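Have a look at the structure below before the remarks.
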Amino acid sequence: MATVKINGKEITVEDGTLILDAARQAGFEIPTFCYQARLSRLGSCRMCLVEIGGQKKLQPSCVTPVLHGMEVFTENQTVKSARSSMLEFLLANHPLDCPTCDKGGECELQDFVFKSGPRYSAFSEEKRRFHDKDEILSPIIVKNHNRCIHCERCVRICDEVVGASALGGIGRGAKTQETSFWNTRLDCDHCGNCIEVCPVGSFMSLPYRYKSRPWDLKETDTVCPYCATGCQFTIGARDGEVLRVRSKIETGINKETLCARGRFGYHFIQSEKRLKSPMIKKNGVLAACSWEEALSQVKLKFANAGKSAGIASARFTNEELYLFQKLMRNTFKTNNIDSGSRWMDKAATVAMIDVCGIADEGVSISDAMKADLIFIIGSSVSDENPITDYLIRTAALDKRKTLILAYPRRIKLDSSASISFKYRPGSEHILVSAITVAIEGKAVKAGFSDVPEADITMAAAKISTASNISVFAGTDFLRSVNGKDALLEIENMTKAIKSSGKNIRVMPLLDRCNQRGAWDMGVHPVFLPGYKTAAGAGMDCGEMLDASSKGEMDAVYILGEDVVSMYPDAGFARGALSRAGFIVVQDIFLTETAKMADVVLPGASYAEKDGTFTNQEGRVQRIRKAVQPVNGVRGDLDILCSIGGFGYKCAGDVFDEIKREAPAYKDITFDGLDGKGAMVKGQTPDARRQTPDTRHQTPDTRYQTKDNEYPFQLITGNHLLHSGKLSQKALILKQLLPEPFVEISGEDAMSLGVNDGDMVTVKGRHNTTRLKVRVKHGSVKGAAFIAENFEDIPVNLFFKKGEGIPRVKIIKS
């Protein structure tokens, strides 16, 4: 510990603490431009200069650590004069165009000049100018080089946090420009984090440009509706229209960073394609009707249904999902309820819940990142959970840590991994089993995983020498026919590691914002809220469709889930639903599933409601209403209450009941949730573990057989710029990635004689389509990837129920 005196105030801090941080702890704010805690130290802007007793020169406090007995001055006349001079120097070439600059009103340079700057300038020369017209670097980024103050926050966050390395400095001295390396269109993640960290109006948001001033916006803190990382952000709306999304460095686990989906995926809220009126099918055609007619029809049909079922999207709030399962179980008397339609079966979700300890106490990502070794398997984490990728990448900068990554495709996080496994899809259970065998000191046989035995042995050695281990299991385990077996192998590996006295935790990586919350709320055929065992297991989505295909399902309630577009066999799903007695769909768009409904109920978007989400950590966070629902739309909570006859007045009332039914939530207060959220607590041993274990089944080995006619295994998942089908309604995201593609390895591209951007024909046993090819060097040979997000070419047309991983051939067009 070091004791220092700052402006006469004595404090004690940890050895190595920066003077800047020590001063802030003492209550003295020092202005900075180039400094950000999560970025590397640069010390270039010289705004944070301070005087140290006994030293002649002023020192930059953002790179200088304290020493015991040091005396520091941050507010004396010498420091103030230097601070003013630095601002005068920056203003010498800075254009004074604040009235037209989008950053006006929230510009750090503007704020510091008002507080500490000179009131005159000795510079009379013409200002440096790069250009008269701003440069558009992408559909979401516009750059004004004249305003740049060369803090290089943009360059560092793009390289160190995002991992895109798309920005750099061109030129020298006063002529330096922070831009793309060729000063042309950016080839990057389009996350907009360079816009967020820019202290002035140099990097700007093209969609928000000239739309508003910050003081005209009504800002609301809420949570991202896409993946389960659970990023917090702030919606800025004016006159009921969402104009921008930004993030704050002091709130949320994302700490100011967002991905493209979070920052620019809000345009669907005001989409012209939004449903604005209930509809009821008359003479085979959906027609607008009154709310009274639609709701009475739903009540009547379900009241008279012999067998009914409910499928809900995991994008709804905890409160809505809790009421949905209560409606299905208590009012409609059925346990046939599931969350999502893209999984294989309930056995896989049971295994995920058990192995990842989802029913137990939540584990923060920050605690997980403290591990000596981080092992990620079954997740394209860079695409599915981009901000989690950022957090892991930042942790991996510590060279004392080991990052092991296992996924068939080459992904961005591979650049930070110590060991990267590229296994054959479907063989996750073989890979994990081989690692476990090696940990136990036995001979390794990698089998059909395509992973070299030497790499498995090396990974096992790394795991054996680590004392604290975090394992992340991704949603591929829920998509794969062998996923549950792989999860059980992870459980076996965990037991082997724990037996040697090491600390290991397993955490989920989920692809929907409230998937964990949906399971917590009992939207599952086996579990009630709080993971209490249901009296008689119900059907999962696949079993519901089986029953419907046989004409045995009288009524189906689908809450925001596009079953036809997401179930891994589009033809079967459509055919099965066509034989259901009655279908009601509650959604914000007329999806392919909604088109088949007998009644359609228009719901509200995340920005039009209050409630909570529970992210993959187990962190409960508030979502808050930013705008009123579009005309003709009712809140989803209100709709469920009307159908079920529930008397709840608001989301807080429902949350109070959740606290009683789900013990993990009992210590959380709805109105007390702040920018950090609250972690769910551990529960008492639950009765579900006494239910028959249906997880053990014979692994599917068809992927091991060579197929000369269809040599590629087709895998799917979310693209970095999209999530499910929802993001397709966000115009900016659609512009960033307007069309699907098929991704193959460099080896496969060479053998096929195709290059990046060439048109190819992808032919499977059940579907054929033409796509552009993208070549990903470093992916496993024999695997092809098509994202599940595109409406024009639904990838689930290639899938066939009961056939496992589909096979395709790729032909150069």
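The values are calculated or read from the model by the stated rules, or taken from the named source; none is laboratory data. All values derive from a computational prediction rather than experimental measurement. When we count neighbours, we look across all protein chains shown, and the Cβ atoms used for this are built from the backbone with ideal geometry, even at glycine. For accessibility, only protein heavy atoms count, side chains too; no ligands or nucleic acids. Shrake-Rupley method; radii C 1.70, N 1.55, O 1.52, S 1.80 Å.
Counting alpha carbon pairs within less than 8 Å and at least 6 residues apart, what relative contact order, in whole percent, applies to the chain? Before the final figure, lay out the partial values.
Numbers: 1786 pairs, mean separation 104.2, N = 813.
It rounds to 13 percent for the chain.
Roughly how many debye, to the nearest 20, is the charge dipole of the chain about its Cα centre, given +1 on each Lys and Arg Cβ, -1 on each Asp and Glu Cβ, and no other charges? Walk me through the intermediate numbers first.
Details: 107 positive and 99 negative charges, 143 e Å.
For the chain, the charge dipole is close to 680 debye.
Can you tell me which of 735-744, 207-216, 259-268, 12-21 comes out highest on packing, and rank the rest after it, using the mean Cβ neighbours within 10 Å? Don't skip to the end; give the middle numbers.
Values: 735-744: 19.0, 207-216: 13.5, 259-268: 25.9, 12-21: 17.2.
Per-residue mean Cβ counts within 10 Å order the peptides as 259-268, 735-744, 12-21, 207-216.
With all protein chains present, how much of the accessible area of the chain (probe radius 1.4 Å) comes from carbon and sulfur, to the nearest whole percent?
Details: 15700 of 31270 Å².
Heavy-atom surface of the chain belonging to carbon and sulfur, 1.4 Å probe: 50 percent.
What figure, in Å² to the nearest 10, do you get for the accessible area of Asp450 with a 1.4 Å probe and non-protein molecules left out?
Asp450 has an accessible surface of roughly 80 Å² with all protein chains in place.
Along each of the three principal axes of the Cα atoms of region 238-284, give the extent in whole Å, ordering the values from largest to smallest.
55, 24, 16
As a test of reading the structure, rank Leu206, Leu733 by solvent-accessible area (1.4 Å probe, protein chains only), most first. Don't skip to the answer; put the middle values down first.
Numbers: Leu206 55, Leu733 0 Å².
Highest to lowest solvent-accessible surface, that is Leu206, Leu733.
Placing unit charges on C-beta atoms (Lys and Arg positive, Asp and Glu negative, everything else neutral), compute the dipole magnitude of region 408-553 about its Cα centre in debye, rounded to 20.
Values: 18 positive and 16 negative charges, 99 e Å.
Rounded to the nearest 20 debye, it is 480 debye.
Given 25 °C and 0.890 mPa s, compute D for region 229-324 with the Stokes-Einstein relation, Rh being the Kirkwood radius over Cα pairs; round to the nearest whole µm²/s. Write out the running numbers ahead of the final one.
On the way: Rh = 17.3 Å.
Translational diffusion coefficient: 142 µm²/s.
What's the local net charge at Glu256, with K and R +1, D and E -1, over the other residues with C-beta under 12 Å away?
Working: positive: Arg38, Arg153, Arg246, Lys248, Lys255, Arg263; negative: Glu196, Glu250.
Neighbour charge sum, excluding Glu256 itself: +4.
Would you please name the GluC sites (Glu not before Pro) within region 65-141 that are DSSP coil residues with at most 13 other C-beta atoms within 10 Å of their C-beta?
Values: sites: Glu71, Glu75, Glu88, Glu106, Glu108, Glu125, Glu126, Glu135; in loops: Glu75, Glu106, Glu125, Glu126.
For GluC sites (Glu not before Pro) across region 65-141 that sit outside H, G, I, E and B with at most 13 neighbouring Cβ atoms in 10 Å, the list reads Glu125, Glu126.
Quick one: which residues, 5+ away or cross-chain, put their amide H under 5 Å from the amide H of Ile504? H built at 1.01 Å from N.
For Ile504, whose amide H was placed from the backbone, the distant partners under 5 Å are Ile469.
Can you find, among Gly635, Ala82, Ile456, the residue farthest towards the positive end of the dipole of the chain? Put +1 on the C-beta of Lys and Arg, -1 on that of Asp and Glu.
Ala82
Would you mind counting up the charge near Thr591? Only other residues with Cβ under 11 Å from its Cβ, with Lys and Arg at +1 and Asp and Glu at -1.
Details: positive: Lys273, Lys595, Lys725, Lys729; negative: Glu561, Asp562, Asp587, Glu592, Glu791.
The answer is -1.
What does the highest-first list of 160-166, 718-724 look like by mean Cβ count within 10 Å? Display every interim value, and only then the final one.
Numbers: 160-166: 19.9, 718-724: 24.0.
For the peptides 160-166, 718-724, the packing ranking is 718-724, 160-166.
Return the calculated 222 nm mean residue ellipticity for the chain, to the nearest 500 deg cm²/dmol, obtained by summing -39500 (n - 2.57) across DSSP H runs with n ≥ 4 and dividing by the residue count.
On the way: 24 runs with 201 residues, N = 813.
Rounded to the nearest 500, it is -7000 deg cm²/dmol.
Can you sort Met553, Met596 by 1.4 Å-probe accessible area, starting with the largest? Display every interim value, and only then the final one.
Details: Met553 5, Met596 40 Å².
In descending accessible area the options line up as Met596, Met553.
Report the equivalent ellipsoid semi-axes for region 28-126 in whole Å, largest first, defined as the square roots of five times the eigenvalues of the gyration tensor built from alpha carbon atoms. Walk me through the intermediate numbers first.
Numbers: eigenvalues 142, 53, 26 Å².
The three semi-axes for region 28-126 are 27, 16, 11 Å.
How many Å² of accessible area per residue for the chain, probe 1.4 Å? Write out the running numbers ahead of the final one.
Values: 31270 Å² over 813 residues.
That works out to 38 Å² for each residue.
Heavy-atom accessible area of Glu788 with all protein chains present, probe 1.4 Å, nearest 10 Å²?
Probe radius 1.4 Å; accessible area of Glu788 about 10 Å².
Return the Rg/Rh ratio of region 326-475 with Cα-based radii and a Kirkwood Rh. Could the numbers behind the result be given before it?
Working: Rg = 17.5 Å, Rh = 17.0 Å.
A ratio of 1.03.
By accessible area of protein heavy atoms, probe 1.4 Å, what ranking do Ser416, Ser382, Ser813 get, highest first? Spell out each step's value before the answer.
Numbers: Ser416 30, Ser382 5, Ser813 75 Å².
Most to least solvent-accessible, the answer reads Ser813, Ser416, Ser382.
Sorted by mean Cβ packing within 10 Å, highest first, what order do the peptides 603-613, 499-509 take? All intermediate terms of the calculation are to be shown ahead of the outcome.
Numbers: 603-613: 24.5, 499-509: 17.5.
Packing order, densest peptide first, comes out as 603-613, 499-509.
Counting pairwise Cα distances across the chain, what percent come out greater than 44 angstrom? Mind dumping the intermediate values first?
Details: 100121 of 330078 pairs.
Tail fraction, whole percent: 30.
Looking at region 426-571, what % of its DSSP beta bridges pair antiparallel, to the nearest 5? Please report the intermediate quantities before stating the final value.
Details: 1 of 8 bridges.
Taking every DSSP beta bridge within region 426-571, about 10 percent pair in antiparallel fashion.
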